[in-house]
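First up is the structure itself, then whatever we jot down about it.
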Amino acid sequence: MTHPRTTQYATPTRHDRPGTRPGGRARTGDRAHTGGRARTTYLARGALLTTAALLAVGASAPAAARGEPSGDWLRLTVTRGDGARPGDTRAALLRCDPPRGHAHAARACDRLASANGDIGALAPTDGFCTMVYAPVTAHARGEWGGHPVEFTRTFANSCLLAAWTGPVFALDD
């Protein structure tokens, strides 16, 4: 004769475990047997919410915390020739609140303010340039008025660069 608490199966089923009721749920008030799946789901949700909160905070972090200046600023580079030789590139960080970063910062910031930070919209100044081909590439990346700025243009020579951009890319002085 068999004992009344034993089943005909060799391994006990989920219903035979102490502290559970049919369906594998713990009895009311017995939190020690909540099951591994519920705990894993709870931890996964917590980790997901924590990650989402950290990403939201990181996305709203100020530019200074990301290593970039705040306000109106541009990283300027001027590359002479094809750029293959080292030393052919000059660079500066132009900040305009207050103006600083290179020798003509105040004039460069005024010139950029007249075009609302759009270097491509700067009007060329009057003057004469030789027709000597000595390419110069000007590149600017940064932020002006809260909007990203990206500018790259190759000029036939440094005279044309100065005529079109004025003091903005005057990094050699």
What does the accessible area per residue of the stretch 86-173 come to in Å², with a 1.4 Å probe and no ligands, DNA or RNA counted?
58 Å²
Taking protein heavy atoms only, a 1.4 Å probe, and rounding to whole percent, the accessible area of the stretch 72-173 owed to carbon and sulfur comes out at 54 percent
With a Förster radius of 35 Å, plug the Cβ-Cβ distance of Ala123 and Ala91 into 1/(1 + (r/R0)^6) and report the FRET value to the nearest 0.05.
0.90
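The values are calculated or read from the model by the stated rules, or taken from the named source; none is laboratory data. Treat the numbers as computed from the prediction; the structure is a model and nothing was measured. In this analysis, Cβ positions are derived from the backbone assuming ideal geometry, glycine residues included, and neighbour counts consider all displayed protein chains. With ligands, DNA and RNA removed, areas are computed over all heavy atoms of the protein, side chains included. Shrake-Rupley method; radii C 1.70, N 1.55, O 1.52, S 1.80 Å.
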